[in-house]
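Each remark here refers to the structure printed beneath this line.
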Amino acid sequence: LAIVGGWFRPPGTVPTEVTYQESMWVAHHPRSYRLRIERRCECDMRPVTSTVRDGSVSDAWYETPSGSVALTGADRPHVMLTIEQLYDYLAEGYRKRFSKIDIIYDPVLHYPTKVYVDRIASAVDDEFELVITVGETHDGG
């Protein structure tokens, strides 16, 4: 249970649509893929691209105007995600009762293509939007 403003609040529930889309992704996702996440917020907004192989990030980099900057897990593990980890984060947001979570899904592979999150309705600048694309790896993923 969470304590919010002195009151106990039971955990929220993950919507059936999110669970369904995640199950469809798990059933049909490519073994290897390239994941690009562009974060739009009052924060570091450099897009991050990761190569995912067999469920793990094998390499990742920031995209900058002057080229790519390689990342390691020690650098920024929270930006080096798989789609499964993104679904875990969204489920946690529902359980923690984030003020607003809107998700648009890819109709074929069932991953989130656009996510809007506002953690606390009354907080300033805590909201963000993610624009997500999944593509093939150089090895044909």
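The values are calculated or read from the model by the stated rules, or taken from the named source; none is laboratory data. All values reported here derive from a predicted model rather than from experimental measurement. Remember, those area values only see protein heavy atoms, side chains included, never the ligands or the DNA or RNA. Shrake-Rupley method; radii C 1.70, N 1.55, O 1.52, S 1.80 Å.
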**Report entry** MRE, 222 nm, helices only [DSSP H, n ≥ 4, -39500 (n - 2.57), over the chain, to nearest 500]
**Finding:** -6000 deg cm²/dmol
Requested in this report: Based solely on C-alpha atoms, express the radius of gyration and the Dmax of the range 12-106 in angstrom.
Outcome: 14.4, 43
Requested in this report: Return one whole number: the accessible area per residue of the chain in Å², for a 1.4 Å probe.
Outcome: 59
Report summary line: Rounded to the nearest 10 Å², the accessible area of H28 using a 1.4 Å probe with every protein chain kept is 100
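Using a 1.4 angstrom probe on heavy atoms only, work out the carbon and sulfur share of the accessible area of the chain in %.
With neighbouring chains kept in place, the figure for the chain is 56 percent.
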Query raised in the report: Using a 1.4 angstrom probe and counting only protein chains, how large is the accessible area of R36 in Å², to 10?
Result: 70
